[in-house]
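> Take this structure first; my questions come after.
The values are calculated or read from the model by the stated rules, or taken from the named source; none is laboratory data. It should be emphasised that the depicted structure is a prediction, and the values quoted were computed from it without experimental measurement. Note: ideal-geometry Cβ built from the backbone for every residue, glycine included; neighbour counts use all protein chains shown. Heads up: the accessible areas ignore ligands, DNA and RNA and are worked out on the full protein's heavy atoms, side chains in. Shrake-Rupley method; radii C 1.70, N 1.55, O 1.52, S 1.80 Å.
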Amino acid sequence: MIFIAPATLGFVVFYIWPTLRGAYLSFTEYSLLEAPKFNGLANYERMVQDSFFWNALGVTVEYVVINIGVQTVLAVGIAMLMYRLTKSITVRAIILAPYLVANVVVALVWYWMLDVQVGIVNTFLGWFGVDPVAFFGDSHWAIPTVAGINVWRHMGYTALLVFAGLQMIPKYVYEAAEVDGSTEWKTFWRITLPLLRPVLVMVLVVTMIGSFQIFDTVAVTTQGGPINATRVIYYYIYERAFTRFDFGYASAMALVLFAILAVVSLLQLRLLRAKESDLA
C-alpha cells in the first residue's frame, strides 16, 4: 500500500477529482467571476440546439475517419516491410523518431513547410507547374492536412505495435500455408490479419481516443479556421472555457465527449471480439 500510495494520490487528484468536478459544473452556469449556479439540464438542452457544437463534432468525426484509416493502413504496411525485410533496431529507431518530437514542434515545422507563399512544399510543386495550394487556408484541404500531419507523427509508433503483434504469430502457421500453396496475398488476408486482430483492436481503440482529442495541431496551425472547417470538438471546448469563460457549458460538452468515447470504445471491443484469438 505504501508503494502505490503516491500513484493512487496522483490518480485521485489529477483524474478522479477533476472528472467529478467537471460533471458537477456541467449542471451549472459558471464563470470565474461568480460562484457556480445550478441550472439543471440547461447546458445539455443548449448543446442540442448549438449548431457550432454539431459542426465541431462533425469536423472531429471527419478527422478521426481520415486519421485512423490512413494511419492504420500505413502502419500495417510499414510493419509488414520491417517483418519481411529487416528487424534492425536502427530502422525501428528511425521509424519511431517522429513520435518522439512534441506535437507543437511537429505542427510548427509542417505549418512552415506547407505555407502557401514561402513553404518548401509549394515551392517544390511550383517546379512542376502546380499552382500554390492553401493547405491550411482552404476548407477542403484543411482537415486532411491536419490529419496528414498527425499520421506522419504517429504512424511509426503504431507500426511498431503492429510489428510486435506480427512477432507473436507462430512461424509454423506460415510454414503450413506455404506447404498448402498459399500466395503472399492470401496468407496476409487469411492468416496475418485475423491473427493480428487483438493487436489491431487495441491500436484502433487507442488511435480513436487520441484522434477525438486532437487539439494542439489545430491550435498551432489553423485556430479552427477557415470558417470553422477545423474547429474540432476539443478546440471548441477550449474556446468556450478559456476564451468566453463559459465553464459550465464547456464541462457539459466535455462530459458528452467522454460518454461518446466510452460508448464507441466499448462497441469496438465488443464487435471486433478483442478478447478472442483466432489462433487455436
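> So GLU62 passes all but one of these: (1) of a type in the set (Asp, Glu); (2) within 30 Å of LEU25 (Cβ to Cβ); (3) open to solvent by less than 60 Å² (accessible area, probe 1.4 Å). Which condition number does it fail?
It fails just one condition, (3).
> Only helices (runs of 4 or more DSSP H) wholly contained in region 75-139 count here; list those with 3 or more residues that are without any contact (Cβ under 8 Å) to a residue 60 or more places away in the chain and closer than 25 Å to GLY224 by Cβ.
Output list reads 103-113.
> Further question on the same structure: May I ask you to verify whether VAL59 is in contact (Cβ under 8 Å) with a residue 12 or more places away in the chain and under 21 Å from LEU200 (Cα atoms)?
Considered against the rule, which asks whether it is in contact (Cβ under 8 Å) with a residue 12 or more places away in the chain and under 21 Å from LEU200 (Cα atoms), VAL59 comes out as no.
> Within region 178-200, is there a residue that is within 15 Å of the chain's Cα centre (by Cα) and touching a residue at least 60 places away in the same chain (Cβ under 8 Å)?
Scanning region 178-200 turns up at least one residue that is within 15 Å of the chain's Cα centre (by Cα) and touching a residue at least 60 places away in the same chain (Cβ under 8 Å).
> Kindly establish whether TYR174 is among the hydroxyl-bearing types (Ser, Thr, Tyr), in a helix (DSSP H, G or I), at pLDDT below 90 and open to solvent by 20 Å² or more (accessible area, probe 1.4 Å).
yes
> For residues that are open to solvent by less than 100 Å² (accessible area, probe 1.4 Å), on the phi < 0 side of the Ramachandran plot and in a loop (DSSP other than H, G, I, E, B), tally how many sit in region 17-40.
Number of matching residues: 3.
> Specify which of the listed residues (ALA259, ALA219) is open to solvent by 30 Å² or more (accessible area, probe 1.4 Å), within 29 Å of TYR30 (Cβ to Cβ) and without any contact (Cβ under 8 Å) to a residue 12 or more places away in the chain.
When all the criteria are applied, what remains is ALA259.
> Inspect all residues belonging to region 265-280 and state whether any of them is open to solvent by 30 Å² or more (accessible area, probe 1.4 Å), among the acidic types (Asp, Glu) and touching a Pro at 6+ places or on another chain (Cβ under 6 Å).
Checked region 265-280: at least one residue is open to solvent by 30 Å² or more (accessible area, probe 1.4 Å), among the acidic types (Asp, Glu) and touching a Pro at 6+ places or on another chain (Cβ under 6 Å).
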